[in-house]
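Please read the structure below before turning to the comments.
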């Protein structure tokens with residue numbers, strides 16, 4: 001369009017610096033996790049897997065990992081069907097109340113998470129759900145729902161409901177026509193929504209700080225407590241693994257998203 | 001149709017509407033109706049100082065995020081498709097890293113024996129390590145980092161919709177590039193600025209992990225006030241009142257902004 005003017009050069013430099021600022025913290029963790037040093041030194045003195053060994057050999061970290069994976073899995077299994085059904089209802093129904101329901105389902109994104117966390121803690125304390133697995137799963141289902149709803153609603157927007165009408169006019173009932181016609185076409189957005197719900201459950205920290213305890217503490221709660229006390233490179237190893245898992249899942253979600261609707 | 005939405009709605013009602021309602025009730029009722037908790041929040045030093053600090057930090061974070069985010073969004077909007085995908089991927093990449101992991105990374109970078117201090121000492125720029133973390137500075141650096149994508153994405157989305165012809169029209173009528181930018185492009189990008197700033201400001205108001213881990217106990221933001229009242233002092237009523245005031249501030253901001261731009265625009269990202 002035009003030659004690189006001085007203004008343009010300044011734009012390049014500022015943007016490059018901002019991008020470095022964004023990426024640097026993400027890149028710094030892996031080298032620390034592979035370092036042999038007890039204390040943070042950069043560049044690392046020599047390569048070592050000791051922090052990974054310490055993570056995998058520690059029963060407390062392993063128990064926390066099991067809790068995190070179980071919670072994330074159940075969150076997806078519950079939040080995805082609930083979210084898909086709700087998104088379908090919102091997009092197909094012309095009822096006024098659906099707008100209100102749509103807003104309500106986005107509430108977890110609007111209410112500051114610290115408020116949600118304390119509120120849930122008070123309610124759980126009354127009904128005995130503090131430090132339990134079902135309590136942790138339910139809270140994460142609530143937090144994951146908006147991601148499923150947003151993703152599936154976007155998928156349904158490019159879907160032509162007339163196709164489902166055709167299937168029904170040919171004698172399929174509503175449920176069958178949904179599974180035979182609609183679902184295959186919005187599959188990628190459903191998968192993406194489920195994956196986002198999984199990542200949200202895996203990374204969730206604040207609610208877990210208040211409501212989890214005993215043997216049902218997820219990784220993030222243990223990491224938070226450890227970070228308050230001292231900086232142990234084991235956390236770098238766990239962080240590297242968590243980040244790798246997140247990136248792989250996002251990659252999966254975005255490649256799924258490219259196929260079909 | 002209503003039946004289809006009911007499982008999700010039930011989860012929302014039981015796990016967020018009921019808990020927040022409970023907080024509101026608890027803030028005004030303790031063996032009888034009382035406004036004592038609110039009196040404390042509005043009159044006691046520690047409370048309103050924390051609210052003031054939280055609003056100051058949120059404002060600073062929002063302004064910094066805008067200054068850093070606008071050029072990046074502008075660049076992503078003005079380069080070829082391939083470059084813009086690369087820039088946006090770099091912006092979104094940290095988005096998918098846990099906030100906790102990034103707090104750890106900033107500790108590793110900023111602490112006294114951290115990467116940045118070691119590097120500066122190696123270069124002989126400083127002789128004593130700088131206090132970069134366990135203070136407000138560290139909190140702001142890490143918070144801006146976490147919230148920056150929420151600024152860049154709505155800005156980029158808005159800039160994408162500005163027709164390029166307008167800039168050419170401005171240029172063909174003899175306006176300099178900077179004049180067309182300030183008179184044409186910038187005003188048209190303001191809805192994106194408002195959407196991004198709202199999201200960053202509101203998210204920052206409720207931030208907990210970064211101030212707790214990087215603030216060194218001195219930067220007591222409202223979220224920490226809530227958590228300390230619950231965990232350390234068992235002051236459930238006071239914690240609830242603080243939470244209610246925080247929530248009302250957030251809702252008020254969303255309501256005010258919704259008069260200018262659609263809320264979908266603000267919440268559309270992530």
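Scattering from chain A was approximated by placing one identical point on each alpha carbon and applying the Debye formula without solvent; log10 I(q)/I(0) at 0.08, 0.09, 0.14 1/Å stands at -0.46, -0.57, -1.06. Here each label is just a point 7 Å from Cα along the line to Cβ, and for residue B:162 and residue B:252 those points are 3.2 nm apart. With a Förster radius of 51 Å applied to the beta-carbon distance between residue A:133 and residue A:7, the computed FRET efficiency rounds to 0.35.
In terms of its C-alpha gyration tensor, chain B has an oblate overall shape, because the principal axis ratio a/c (a ≥ b ≥ c, square roots of the eigenvalues) is not below 1.5 and a/b does not outweigh b/c. How many nm is it between the label spots at residue B:86 and residue B:188, if each spot is 7 Å from the Cα in line with the beta carbon? Simple spin-label model gives 2.7 nm for this pair. Comparing A:206, A:115, A:32 in a Gaussian network model of chain A (Cα springs below 10 Å), the most mobile by mean-square fluctuation is A:115.
Peptide A:10-22 has a mean shielding of 6, counted as Cβ atoms of other protein chains within 10 Å of each residue's Cβ. Between rounded, prolate and oblate, where does the protein assembly as shown land on the alpha carbon gyration tensor, with a ≥ b ≥ c its root eigenvalues, rounded for a/c under 1.5, else prolate if a/b exceeds b/c? It is rounded, given that a/c, with a ≥ b ≥ c, falls under 1.5.
Which of rounded, prolate, oblate describes region B:75-200, given a ≥ b ≥ c as roots of the alpha-carbon gyration tensor eigenvalues and a/c under 1.5 marking rounded, otherwise prolate only if a/b is larger than b/c?
Taking the square roots of the gyration eigenvalues as a ≥ b ≥ c, region B:75-200 is prolate.
In chain A, the longest principal axis of the Cα atoms and the axis of helix A:233-258 are about 30 degrees apart. Here each label is just a point 7 Å from Cα along the line to Cβ, and for residue B:262 and residue B:10 those points are 3.2 nm apart. Taken residue by residue and averaged, Cβ atoms of other chains lying within 10 Å of the Cβ of A:119-128 number 5. On full extension, the segment bounded by residue B:31 and residue B:46 gains 2.9 nm, given 0.36 nm per residue less the C-alpha separation.
Across region B:144-238, the fraction of Cα-Cα pairs farther apart than 16 Å, rounded to a whole number, is 67%. What the Cβ-Cβ distance of residue A:37 and residue B:2 gives, at R0 = 56 Å and to the nearest 0.05, is a FRET efficiency of 0.40.
Can you run the Rg to Rh ratio on region A:108-157? Use alpha carbon positions and the Kirkwood inverse-distance Rh.
Using only Cα positions, Rg/Rh for region A:108-157 is 1.10.
Per-residue shielding of A:76-89, expressed as the average number of other chain Cβ atoms within 10 Å of the residue Cβ, stands at 4. Would you mind getting me the FRET efficiency between residue A:245 and residue A:126? Use the beta-carbon distance for r and R0 = 35 Å, nearest 0.05. Once rounded, the FRET efficiency stands at 0.50.
Taken together, the values in this text are just the output of simple stated rules run on the coordinates, not laboratory data. Just so it is clear, the structure is predicted and the values come from calculations on it, not from any experiment. Cβ: placed from backbone, ideal geometry, glycine included. Neighbour counts: every protein chain shown.
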